């Protein structure tokens, strides 16, 4: 029988005929369903009775629409069902094109009627789902909770925890398509110093290459790339260059020729007739590396060596774009489904995992070039299940609008719920020219998200932080300084994610699953388990609505004002970044901010103790060298901090681990009503009491964070 299909001018030979697989799954007794990234839609998944199903098919989508179940750049076919008493997760592990229908209903199934009788309830909520993939096998994983944290732990046991990035990777990244040349790059770098704004990484897009030939430099624009990299590295700064999966078809180019003539395996994806597939992308006619082949991945990894990537250095890292894969003249701007990969797998079978394997091969290349000593950093646009173990992703080509700023939050929360903690959205919007107020607000939101990068399209106006007037430069500087102050806390959250894949940016319901009023909240989020961000997302807002979950108290991060749980309005200005510390938490921060995170390594810590209603608090602090794999050999410090019985204690959380950290220059205790004296080993510590903020500040306690110690109060 003839199963061939036509799509506009494209033809799919479909030689093996229909092979679709589907399954109905009903979640009985659950209120909301989350997950299925990547979509520009609400955090709580909508019913699809009157819309298209959610589609999972990695695509290069130009100026994507909001509030839409259309496919975007990555796919994780995972859902998390939530009720006040139970959470479950389900992974539909299939890399082919997948559609998911969702129906919310109170109609009682047979199971529902049984539950109703057990629970003595007239109605049991029910969510019906229908998963369907074009090809593949039934490979289903269920995680039975019962709490969201249990689901995360069970997910991590199967699919692994997140990777621990180098410290610079969670700092500030400055990017646009494109910084013009070496002089432009060094000028931008110098202006960050001139305007006293911290920055860790400058990025280069496709225009830096020799005719879109990756692993190369335009010799006219970047004649001394190693010297440029050395100048940046001298300030503790790094560079990222873009490397895409399409290879320019040029018989005189060594890289293309080496792939074409490889003697051990086929390096490039083949067409249905067995020849190298050729399509169009940025360089023109191109071939695509077949990253599904272990042999091709090894070949790709070898291209990152300093001998092969001329002009590179240890401070140069990687950005994998267009790896859905994007093919300009292909069906839906992608690869024909009847193309052939290693072992004769059709592209339709592996489409959603293609970018994942490129991401892995690039990361492996960085590890290989360092001889397994330095942690890699590779940003990818396409992703699949397991990509969280490799490196970060971002939400692609967003737009400079308030609507896109708002949508960045549920998009990133959805990724975290689905097991991908290291994620971000381009600050300012990739397309368009943001109004100054919008840009300032976007920085204030972005500095509290896991991956922080400003990025812009080649046709946009320049928008470096100092180009919007002195007052707005100061506001952006303040936002970035907040990020750098919080780096020790944020880095600790990344370490915890590397142990059990804990979400770094999490919905309010994740820590408060019994509070159903939080189930649709997608404007606020928790950063780790101790900070709550309630960003301003409306233009010219003066009165801002904040929800602080109970039962614990909360403290304003900036003023130390104490708040009871509940929903309230607070006054805001353009300078306001509403951020709250959960009562019962201990934060470790660094208040001395320098040019880059690397230059802050020896600076002392400030410990903030936010007491709960019982006068107690606890927290953790993770420290290592910020770049190497030495932490795997216990060369790190993980300290448990606690305040109880009028004593602040620091104890090693991993006894066999050893890393000497910087000292502690200040301790701030929040939520105290009277002045208390403090001492360490009987020696008094200078302290001051603020009646207005109900806080005590200890100065120069002469302690080292990685040691074990006690401070006693009386």
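Does residue 536 fit the bill of being surrounded by fewer than 19 Cβ atoms within 10 Å (Cβ to Cβ) and on the phi < 0 side of the Ramachandran plot? Spelling it out, it is not the case that residue 536 is surrounded by fewer than 19 Cβ atoms within 10 Å (Cβ to Cβ) and on the phi < 0 side of the Ramachandran plot. The condition of being assigned to a strand (DSSP E or B), closer than 26 Å to residue 451 by Cα and either touching a strand residue (DSSP E or B) at 6+ places or on another chain (Cβ under 9 Å) or touching a residue at least 40 places away in the same chain (Cβ under 8 Å) (or both) does not hold for residue 536. The residue list 555, 489 contains one member that is assigned to a strand (DSSP E or B) and either over 16 Å from the mean Cα position of the chain (by Cα) or farther than 25 Å from residue 571 by Cα (or both), which is 555. Can you spot a residue in the stretch 668-683 that is surrounded by fewer than 21 Cβ atoms within 10 Å (Cβ to Cβ) and either within 30 Å of the chain's Cα centre (by Cα) or under 20 Å from residue 487 (Cα atoms) (or both)? Looking through the stretch 668-683, at least one residue is surrounded by fewer than 21 Cβ atoms within 10 Å (Cβ to Cβ) and either within 30 Å of the chain's Cα centre (by Cα) or under 20 Å from residue 487 (Cα atoms) (or both). For the stretch 225-282, which residues satisfy the criterion of being within 30 Å of residue 191 (Cα to Cα), without any contact (Cβ under 8 Å) to a residue 60 or more places away in the chain and crowded, with 18+ Cβ neighbours inside 10 Å? Result: 228, single match.
Quick check, is residue 337 surrounded by 21 or more Cβ atoms within 10 Å (Cβ to Cβ) and over 27 Å from residue 201 (Cβ atoms)? Yes. Filter the stretch 593-611 for residues that are in a loop (DSSP other than H, G, I, E, B) and closer than 25 Å to residue 556 by Cβ; which is modelled with the lowest pLDDT? Selected residue: 593.
When restricted to residues that are outside any strand (DSSP E or B) and surrounded by 14 or more Cβ atoms within 10 Å (Cβ to Cβ), the stretch 1-28 contains 3. Annotation note: of 43, 56, 66, the sole residue that is touching a helix residue (DSSP H, G or I) at 6+ places or on another chain (Cβ under 7 Å), surrounded by fewer than 20 Cβ atoms within 10 Å (Cβ to Cβ) and in contact (Cβ under 8 Å) with a residue 12 or more places away in the chain is 66.
The rows are residues; the columns are (1) at pLDDT below 95; (2) assigned to a strand (DSSP E or B); (3) in contact with a helix residue (DSSP H, G or I) (Cβ under 9 Å, 6 or more places away or on another chain); (4) under 23 Å from residue 239 (Cβ atoms).
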{"site": "587", "(1), (2), (3), (4)": "no, yes, yes, no"}
{"site": "591", "(1), (2), (3), (4)": "no, no, yes, no"}
{"site": "613", "(1), (2), (3), (4)": "no, no, no, no"}
{"site": "619", "(1), (2), (3), (4)": "no, yes, yes, no"}
{"site": "635", "(1), (2), (3), (4)": "no, no, no, no"}
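I'm checking my understanding of the structure. Among residues of the stretch 579-599 that are in contact with a strand residue (DSSP E or B) (Cβ under 9 Å, 6 or more places away or on another chain) and surrounded by fewer than 19 Cβ atoms within 10 Å (Cβ to Cβ), which one is nearest to residue 449 (Cα to Cα)? Taking the candidates together, the pick is 591.
The set of residues in the stretch 108-149 being closer than 25 Å to residue 513 by Cα, out of contact with any strand residue (DSSP E or B) (no Cβ under 7 Å at 6 or more places or on another chain) and at pLDDT 95 or above consists of 149 alone. Determine whether the stretch 244-256 contains at least one residue that is within 26 Å of the chain's Cα centre (by Cα), within 16 Å of residue 339 (Cα to Cα) and modelled with pLDDT of 95 or more. Yes, because at least one residue in the stretch 244-256 is within 26 Å of the chain's Cα centre (by Cα), within 16 Å of residue 339 (Cα to Cα) and modelled with pLDDT of 95 or more.
Is it the case, given these coordinates, that residue 386 is buried (at least 23 other Cβ atoms within 10 Å of the Cβ), at pLDDT 95 or above and closer than 25 Å to residue 494 by Cα? In short, no.
May I ask you to verify whether residue 88 is within 21 Å of the chain's Cα centre (by Cα), part of a strand (DSSP E or B), modelled with pLDDT of 95 or more and assigned by TED's automatic domain parsing to the domain that holds residue 147? Here the answer is no, as residue 88 does not meet what is asked. When you check residue 419 against the structure, is it part of a loop (DSSP other than H, G, I, E, B) and free of Cβ contacts under 8 Å to residues at least 60 places away in the same chain, yes or no? In short, no. I want to confirm something. Restricting to the stretch 558-575 and keeping residues that are closer than 25 Å to residue 606 by Cβ and touching a residue at least 60 places away in the same chain (Cβ under 8 Å), which single residue is surrounded by the fewest Cβ atoms within 10 Å (Cβ to Cβ)? Among them, the one singled out is 559. Restrict the check to the stretch 262-271 and report whether at least one residue is under 22 Å from residue 73 (Cβ atoms) and either assigned to a strand (DSSP E or B) or modelled with pLDDT under 95 (or both). For the stretch 262-271, residues under 22 Å from residue 73 (Cβ atoms) and either assigned to a strand (DSSP E or B) or modelled with pLDDT under 95 (or both): absent.
Quick one: is residue 93 buried (at least 23 other Cβ atoms within 10 Å of the Cβ) and not assigned by TED's automatic domain parsing to the domain that holds residue 320? For residue 93, the condition - buried (at least 23 other Cβ atoms within 10 Å of the Cβ) and not assigned by TED's automatic domain parsing to the domain that holds residue 320 - is not met.
The values are calculated or read from the model by the stated rules, or taken from the named source; none is laboratory data. Predicted model only: the values in this text are computed from it and were never measured. Cβ: placed from backbone, ideal geometry, glycine included. Neighbour counts: every protein chain shown.
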